[in-house]
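One structure is given here, and the rest of the page talks about it.
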């Protein structure tokens with residue numbers, strides 16, 4: 001197993017901004033985004049990284065950005081080595097497969113969540129109220145069952161603390177009905193297309209979240225796209241009468257839920273077997289999507 005990549009600071013670069021998993025270098029009119037091997041859960045960064053995970057996430061995300069360009073523009077400039085910033089070329093060996101050059105965007109502070117199956121908080125709400133994200137859903141859908149139609153269930157986008165669910169009507173009040181409608185329609189369209197492509201590859205895309213921003217007056221996809229960190233992926237050939245085996249970060253959350261931990265920092269470390277299994281599940285998504293076969 002390769003050595004974990006925790007921060008660009010360990011390699012002599014000072015990040016302009018550091019998130020839970022990604023770090024950013026401001027290059028003026030563009031940004032260099034680097035995906036580390038850190039992993040977070042319940043808004044806490046775990047003390048143990050997953051070696052190689054960042055490379056998988058970066059390449060999966062860039063794969064989907066290329067694929068979805070036919071639907072909506074995005075912030076990606078390039079992830080090809082000839083386009084790597086020349087003044088940073090000495091760092092390329094340690095950043096290989098972890099970087100992407102993007103345009104700066106004015107972020108819209110909304111998490112555009114789309115659900116195609118009952119899972120997580122949506123499943124709990126459906127059990128209690130018969131709704132998902134405040135939307136009435138027909139009765140009789142089993143746990144982890146597919147919804148009749150993908151549902152747009154947005155949340156706020158918070159830099160500190162937890163994101164908060166909002167109804168579509170609340171979203172209209174926050175950002176205007178025209179923009180809310182565009183976000184909803186684009187999110188559902190992308191989800192449908194990605195879900196179809198995933199099924200063709202033996203995966204089920206249960207839910208995901210998108211982020212959008214403005215670039216030169218255009219509405220664009222930004223941040224990451226359809227990764228196992230931001231999405232629920234299930235084995236499309238798995239049994240449908242039991243809880244699906246997650247091929248995403250839900251596997252880590254499941255392990256942490258079994259510990260005596262109050263979900264406040266500091267987070268507990270992951271044992272070696274959980275680290276290896278997390279990587280294996282992310283790699284299954286990477287391989288199933290055929291990302292490694294791209295030039």
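Miscellaneous remarks
- Residues in the range 155-185 that are surrounded by fewer than 16 Cβ atoms within 10 Å (Cβ to Cβ) and within 21 Å of residue 132 (Cβ to Cβ): 162, 164, 167, 169, 170, 173, 174, 181, 185.
- Residue list for the range 183-197, restricted to those being within 14 Å of residue 153 (Cα to Cα) and touching a strand residue (DSSP E or B) at 6+ places or on another chain (Cβ under 7 Å): 183, 184, 187, 188, 191
- For the range 134-154, filtered to residues that are modelled with pLDDT of 95 or more and under 25 Å from residue 175 (Cα atoms), the residue that is surrounded by the fewest Cβ atoms within 10 Å (Cβ to Cβ) is 136.
- Residue 10, sole failed condition from (1) under 15 Å from residue 91 (Cα atoms); (2) in contact with a strand residue (DSSP E or B) (Cβ under 7 Å, 6 or more places away or on another chain): (2)
- Qualifying strands (runs of 3 or more DSSP E) (wholly inside the range 192-238; at least 3 residues being under 20 Å from residue 120 (Cβ atoms)): 203-215, 231-235
- Scope the range 262-286; condition surrounded by fewer than 14 Cβ atoms within 10 Å (Cβ to Cβ), farther than 13 Å from residue 56 by Cβ and free of Cβ contacts under 8 Å to residues at least 24 places away in the same chain; matching residues: 262, 271, 272, 273
- Exactly one residue out of 94, 113 is touching a residue at least 60 places away in the same chain (Cβ under 8 Å) and more than 17 Å from residue 166 (Cβ to Cβ): that is 94.
- Each residue in the range 22-40 was checked for being surrounded by fewer than 21 Cβ atoms within 10 Å (Cβ to Cβ) and under 15 Å from the mean Cα position of the chain (by Cα), and 1 of them qualify.
- Some residue of the range 238-247 being more than 15 Å from residue 117 (Cβ to Cβ) and touching a helix residue (DSSP H, G or I) at 6+ places or on another chain (Cβ under 9 Å): no
The values are calculated or read from the model by the stated rules, or taken from the named source; none is laboratory data. All values reported here derive from a predicted model rather than from experimental measurement. We place every Cβ from the backbone using ideal geometry, glycine too, and count neighbours over all the protein chains shown.
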